[in-house]
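Everything below concerns the one structure shown next.
The values are calculated or read from the model by the stated rules, or taken from the named source; none is laboratory data. All figures in this text were calculated on a predicted structure; none of them were measured in a lab. Cβ sites come from the backbone with ideal geometry, for glycine too, and all protein chains shown count toward neighbours. Quick note on the areas: whole protein, heavy atoms, side chains included, nothing else; ligands and nucleic acids left out. Shrake-Rupley method; radii C 1.70, N 1.55, O 1.52, S 1.80 Å.
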Amino acid sequence: MPPDTLFERITDYANRPDPYPFYAELRESGVVRQDNGSYLVGTYHEIAALLHDPRISSDLRNRKEPDPDAALARSDELPPSFIGVDDPEHDRLRRLAMRPFGPPHSPGRIDALHGDITRIAEELIHSFHDKDRIDLVDDFAYPLPVTVICRLLGVPQEDVPRVRAWTNAIIAGFDPTPGEDPEQRRRSAQEARMAMAHYLGGLAEERRGHPTGDMLSALANDEGPEGRLTHRELMATGVLLLIAGHETTVNLITNGMLTLLRHPDILEQLRAAPELLPRAVEELLRYEPPVHFLPQRSPLTDIDVAGITVPKGAPLILVLASGNRDPLRFRDPDRFDPMREDNQHFGFGSGIHNCFGAPLARIEAQIALDALLRHLVDPRLVEDPPPYRRSPVLRGPRHLLIERAAGA
């Protein structure tokens, strides 16, 4: 039986290669209420307003109907991470996490990574130097950001396979696609989250009183004006930073290269003028964003959205990728234009929950695409569309096979 509701069609795996026609349908309808009581919003200006509206909660505990994910989270020993709570708790946790990551307390940490990221990218490309066919995901787009975030946090390289297994299980828990038992998927995700949390908490405890210069060490030892994270808060924050620190960047790099391969004229333009890459990355964040929607929102009171009353506690799903293609905000939005002006996209969200790691992701994507454009001679897609990952939220190819000129 074909999917009935718009959200079911959006999340149907068969539509993963091109969900954009469904986003256009969503924008035409304004706000769409689904049979399960959730509301979809896909227009740019409404999404922007909601992302900055203090009446919108990111805490699943504020849902009117019991949320299975929130109930499962309460059954373990971890508190929600800062993306799952509201101010003032969100502000406190985020500022504590930011102290060892960026300005004003650690202003040089991200810039200092530039050389390391470049070396990692060059080493990965050198490793497939003699291959005529590569899988961009497994050979490059995954190992680059996971290596960077593991070094940043202080996770040993030999433990990266465990990190990947835990991450895959946790991401699968976000998949709303019907079919598999959702309860089992949620439980597997929660078990993986707890295993990763205890692992990261253990690393942090080993470094308490013995700082080693990495972020886990700083989170365990830093004593700011508000004290420091509790052990449970540190575990939850570590899980968030590790997963968010590489998963979305994998998609950004892979979606970016896929887009450039589909636009060979622009690929050649960027190869000849790499100084244009920062603007190209911003357009990629609009055109093919790594995160397609935010499912974890609900109003704290009845609110009006585009003439529709969304009741207190109702699930509110903000379809960021739809807003990024809204013709009322972007001229010719379905065209990939690296020279686009005034490109205030939702690639990193907006408002108080805007992406914590956006500066790092931007640098990684620019370095990655620059390295690929310099070293891949005459690259060609083997399969288009490629096979996609299951998740409709974190949307990107699971594999991206590329052939290149022999010996290049």
Once the principal axes of the Cα atoms of the stretch 266-408 are found, what is the range along each, listed largest first in whole angstroms? 62, 33, 28
What ratio of Cα Rg to 2.2 N^0.38 Å holds for the stretch 176-263? 1.46
How far apart, in nm, are two points set 7 Å out from the Cα along the Cα-to-Cβ line at residue 198 and at residue 122? 4.2 nm
Bounding extents of the stretch 158-225 in its principal axis frame from Cα atoms, largest first in Å, are 48, 32, 13
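Considering every pair of different Cα atoms, what Kirkwood radius, in Å, is found for the stretch 2-154?
Answer for the stretch 2-154: a Kirkwood hydrodynamic radius of 20.1 Å.
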For the stretch 1-66, Rg(Cα) over 2.2 N^0.38 Å is 1.25
Spread of Cα-to-Cα distances over 5 Å intervals beginning at zero, given as percent, for the stretch 117-256: 2, 9, 17, 19, 17, 15, 11, 7, 3, 1, 0, 0
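Which value, in nm² and rounded to one decimal, describes the direction-averaged projected area of the C-alpha convex hull of the stretch 75-179? Don't skip to the end; give the middle numbers.
Values: hull surface 41.6 nm².
Quarter of the Cα hull surface area: 10.4 nm².
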For residue 268 the rounded accessible area (nearest 10 Å², probe 1.4 Å, non-protein molecules ignored) is 90 Å²
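Quick one: net charge around residue 311, please, counting Lys, Arg +1 and Asp, Glu -1 for every other residue with C-beta under 13 Å from its C-beta. Numbers along the way, then the final one.
Numbers: positive: 33, 55, 63, 64, 312; negative: 65, 302, 304.
Net charge around residue 311: +2.
Provide the net charge surrounding residue 100, with neighbours chosen by a C-beta distance below 13 Å and charges set as Lys +1, Arg +1, Asp -1, Glu -1. All intermediate terms of the calculation are to be shown ahead of the outcome.
Values: positive: 94, 95, 99, 109, 207, 228; negative: 214, 222, 223.
After counting each charged neighbour, the total is +3.
Within the chain, what percent of beta bridges assigned by DSSP are antiparallel, to the nearest 5? Write out the running numbers ahead of the final one.
Details: 17 of 21 bridges.
The answer is about 80 percent antiparallel.
Once the Cβ-Cβ distance between residue 77 and residue 45 is put in as r, and R0 is 56 Å, what FRET efficiency do you end up with, to the nearest 0.05?
Numbers: r = 41 Å, r/R0 = 0.74.
Efficiency for this residue pair is about 0.85.
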Going by average Cβ neighbours within 10 Å, how do the peptides 37-44, 351-358, 223-230, 194-201 rank, with the highest at the top? 37-44, 194-201, 351-358, 223-230
Any idea what log10 I(q)/I(0) is at q = 0.15, 0.18, 0.23 Å⁻¹ for the stretch 353-408, Debye with uniform C-alpha scatterers and no solvent? -0.65, -0.86, -1.05
Between 241, 50, 276, which gets the highest mean-square fluctuation from a Gaussian network model of the chain, Cα cutoff 10 Å? 276
Return the tail of the calculated pair distribution for the chain, meaning the percent of Cα-Cα pairs more than 37 Å apart. 21 percent
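Tally Lys and Arg at +1 and Asp and Glu at -1 over the other residues with C-beta under 11 Å from the C-beta of residue 145: what net charge comes out? Working shown, then result.
On the way: positive: 151; negative: 247, 364.
So the environment of residue 145 carries a net charge of -1.
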Length added when fully stretched, residue 5-residue 162, from 0.36 nm per residue minus Cα-Cα: 52.8 nm
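Which FRET efficiency, nearest 0.05, do residue 105 and residue 230 yield, Cβ-Cβ r, R0 25 Å?
For residue 105 and residue 230, the calculated efficiency is 0.80.
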Would you calculate a helix-derived [θ] at 222 nm for the chain, using -39,500 (n - 2.57) for each DSSP H run of n ≥ 4 and dividing by the full residue count, to the nearest 500? -14000 deg cm²/dmol
Calculate, for the chain, the solvent-accessible area per residue in square angstrom, rolling a 1.4 angstrom probe over the heavy atoms of the protein chains. 43 Å²
Each label sits 7 Å from Cα toward the beta-carbon; between residue 352 and residue 34 the label points are separated, in nm, by 2.6 nm
Taking only protein heavy atoms and a 1.4 Å probe, the highest-to-lowest accessible-area order of 33, 279 is 33, 279
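Only Cα pairs under 8 Å and at least 6 apart count here; give the relative contact order of the chain as a rounded whole percent.
Working: 640 pairs, mean separation 105.3, N = 408.
Contact order relative to length: 26 percent.
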